[in-house]
1. Once the Cα atoms of helix 54-71 and of the chain are each reduced to a long axis, what angle between those two axes, in degrees from 0 to 90 to the nearest 10, is obtained?
2. Quick one, which of (1) 1.15; (2) 1.03; (3) 1.39 is the actual Cα Rg over 2.2 N^0.38 Å calculated for this model?
Amino acid sequence: AMVWTVVTLQVVGGLLVAIVVKYADNVLKVFATSFSIIVSCVVSAFLFDFRPNLKFVLGTILVLVSTVLYSRPEKKKRKK
């Protein structure tokens with residue numbers, strides 16, 4: 001049952017990445033893949049008693065911050 005849970009998570013993550021690539025650009029694909037890794041970690045923590053270390057937590061924070069910064073609307077510069 002555990003193996004099928006992991007396989008299902010990876011399949012769903014792959015399908016989500018395919019959808020993002022179809023309707024968005026490559027940079028968003030990278031963020032979707034990173035988000036998929038984070039979701040897999042959270043699910044693994046509950047199902048498999050996974051304990052992330054400090055490097056993993058810092059990497060997760062960097063992914064989330066970069067995703068937020070990328071998705072913010074661009075400020076228009078005034079012409080002088």
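1. The angle comes out at about 40 degrees.
2. Answer label, from the structure shown: (3).
No value in this document is a laboratory result; all are computed from the given coordinates. In this text, all values refer to a predicted model and were calculated from it rather than measured experimentally.
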